[in-house]
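Trainee: Structure incoming, see below.
The values are calculated or read from the model by the stated rules, or taken from the named source; none is laboratory data. Quick caveat: nothing in here was measured; it's all calculated off a predicted structure. No Cβ is skipped: glycine too gets one built from the backbone with ideal geometry, and neighbour counts run over all protein chains shown.
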Amino acid sequence: MPHRTRPMTGLLVFMGVNLALVSTITPVYDFVCFHPYWERRV
């Protein structure tokens, strides 16, 4: 394992990538869920 020598660095990078993914996906998820198109379709 390459992160065996620096487990803290690997953990921080992993958390940073997850945070970036969540922060970019959340607005898109809200936009898709609350779009008026679904209200008109029903």
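Trainee: In segment 1-38, what count of residues is obtained for those that are assigned to a loop (DSSP other than H, G, I, E, B), modelled with pLDDT of 75 or more and not hydrophobic (A, V, I, L, M, F, W, C)? Spell out the reasoning first.
Mentor: Step one: of segment 1-38, the residues assigned to a loop (DSSP other than H, G, I, E, B) are 1, 5-6, 34-35.
Now narrow it down to the ones that are modelled with pLDDT of 75 or more: 34-35.
When the remaining residues are screened for being not hydrophobic (A, V, I, L, M, F, W, C), the result is 35.
Residues that pass the stated criteria total 1.
Trainee: Are there any pairs, at least 6 apart or on different chains, whose C-beta atoms fall under 6 Å, with the first in segment 23-35 and in contact (Cβ under 8 Å) with a residue 12 or more places away in the chain and the second part of a helix (DSSP H, G or I), and if so, which?
Mentor: Cβ pairs passing all conditions: none.
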